[in-house]
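Heads up: the structure comes next, in structure tokens.
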Amino acid sequence: MMVHRAIWRRLRSNRIVDGTRFPKTLRIMYTEFYKLAKKPFNMTPDPGYLFLTNQYREALAGLSYAIVERKGFLVLSGMAGCGKTTLLAWVLGRLPCQQVQSSVILNPVLKPEEFLEMVMLDFGITDIPESKARRIWMLQNFLVQGDREGKINVLIIDEAHKLSVELLEEIRLLGNLEHGTDKLLQILLVGQPELEDLINRQELLQFKQRINVHLGLQVLSAEEVEQYIQHRWKVAGGSLPAPFAAEALAAVAKRSTGIPRLVNSLCDNALVLAFSEQAATVRSEHVEAAAQDLRLVPKEPAPVMMKAQPAPVAVVPPAAPVPAPPLTKGSAVAMQPVALKNEEILTAITIAPEYEKKSLLERWVSLFGFGRNGKNRMEPRGGMDLR
């Protein structure tokens, strides 16, 4: 909300710019203020902004090698927002288009027959038959023709961690298409770390054995986050260093946890806040405010409500017990019922020698003056009133 309010305040203070209203102000935002040719932190994957760390260079080399050398199956995994799609776009853009023909599936949540149809459509195949056998025959002829022309056929499946086991088996069968000693179709599975868990399932053992190259992308370190920001600022036409204070760069690294997509979101929102204040430098408070808006700041645990303590109650000491007459052996049988307090009853039960072998209930019968006046009937002795 802070970013939205900052935009609104800025628009209200500049309603009319060169005779125009909101459109021009919305269009320029902070790019003209910071002397940029374009926005440096757009969310859309753009190969032109690709920042090559060591792990990205290794991933690029692995992708290029697997495609050019026709290795068949390749897996690229990484957390959401780590730049997998940007990496693939860069590779496909660098491979000669006259030598590579590709089909890219961005949403693989499809039925097997729908998936095969989507693959063919993205390869540019039209007039697709209804029969699955004819579809496979048509696709195979297309791939063989491309191979004869010296082209490499590439199938790229994004969000592959969402694939079903049934669909992965269909993809495995597509990977069996061969022409001579070469694979007709190079298949790249791109997804989040759950993809590795999916492939490791026992029923997909045959599929796993066909994977020739495994690649992974990790999050950026704090140092790489700073280099990433400087790189994108330069590509966008800005002069170095980028106008981020050291504390702001540290805050971006902390709140983004090194995920490039979150770095872009934080920097873009922080620049809007700084621009609304006409600040030449993005400060840490701008980044923290942006992180709050993006829900990247963990919520503090709710305070534990303490129960109210009861008011102290005055304790009245019990009255001194009235000493009972001494009990001798056999005297309890003839004892008349008397009004006893609870503590006196418990004391009498404890000290009476003849009660040592009786149960608790039997002791209470004697103390309350109950006796057996009949074979099967229990009545109080001495006329005790039970009402």
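Where a number appears in this text, it was derived from the coordinates with a stated rule and is not lab data. Remember, predicted model here, so these are calculated numbers, not experimental data. Don't worry about glycine lacking a Cβ; one is built from the backbone with ideal geometry, like all the others, and counts go over all protein chains shown.
Extending 7 Å from Cα along the Cβ direction at MET43 and again at ASP122 yields two label points whose distance is 2.2 nm. Where in segment 108-125 does the label zone of HIS179 land, with the point 7 angstrom along Cα→C-beta and an amide N cut-off under 18 Å? Hits in segment 108-125 for HIS179 at 18 Å: 120-125.
Distance between the pseudo-spin-label points of GLU166 and GLU247 (7 Å out from Cα toward the beta carbon): 5.8 nm.
Only sites in a loop by DSSP and with at most 16 other Cβ atoms within 10 Å count here; which chymotrypsin sites (Phe, Trp or Tyr not before Pro) in segment 154-245 make the cut?
none
For segment 223-273, rounded, prolate or oblate, judged on the Cα gyration tensor with a ≥ b ≥ c (square roots of eigenvalues), a/c < 1.5 rounded, else prolate if a/b > b/c? Rounded.
Could you give the length gained on full extension between VAL68 and LEU205, defined as 0.36 nm per residue of separation minus the Cα-Cα distance, in nm? Can you show the working numbers first?
Details: separation 137, 0.36 × 137 = 49.32 nm, distance 2.59 nm.
Length difference between fully extended and current span is 46.7 nm.
What's the local net charge at ALA222, with K and R +1, D and E -1, over the other residues with C-beta under 15 Å away?
Spelling it out: positives minus negatives among the neighbours equals -2.
Extension gain ARG134-ASN212, at 0.36 nm per residue separation less the Cα-Cα distance, in nm?
On the way: separation 78, 0.36 × 78 = 28.08 nm, distance 2.94 nm.
Extending this stretch completely gives an extra 25.1 nm.
Please give the FRET efficiency for GLU114 paired with GLU223, using the beta carbon to beta carbon distance and R0 = 51 Å, rounded to the nearest 0.05. Result of the calculation: an efficiency of 0.70.
What is the gain in length, in nm to one decimal, between GLN278 and THR257 on full extension, counting 0.36 nm per residue of separation less the C-alpha to C-alpha distance? Show your work: numbers first, answer last.
Numbers: separation 21, 0.36 × 21 = 7.56 nm, distance 2.81 nm.
That pair, GLN278 and THR257, stretches by 4.7 nm at full extension.
Put simply, when 196-204, 72-80 are sorted by average Cβ atoms within 10 angstrom per residue, most first, you get 72-80, 196-204.
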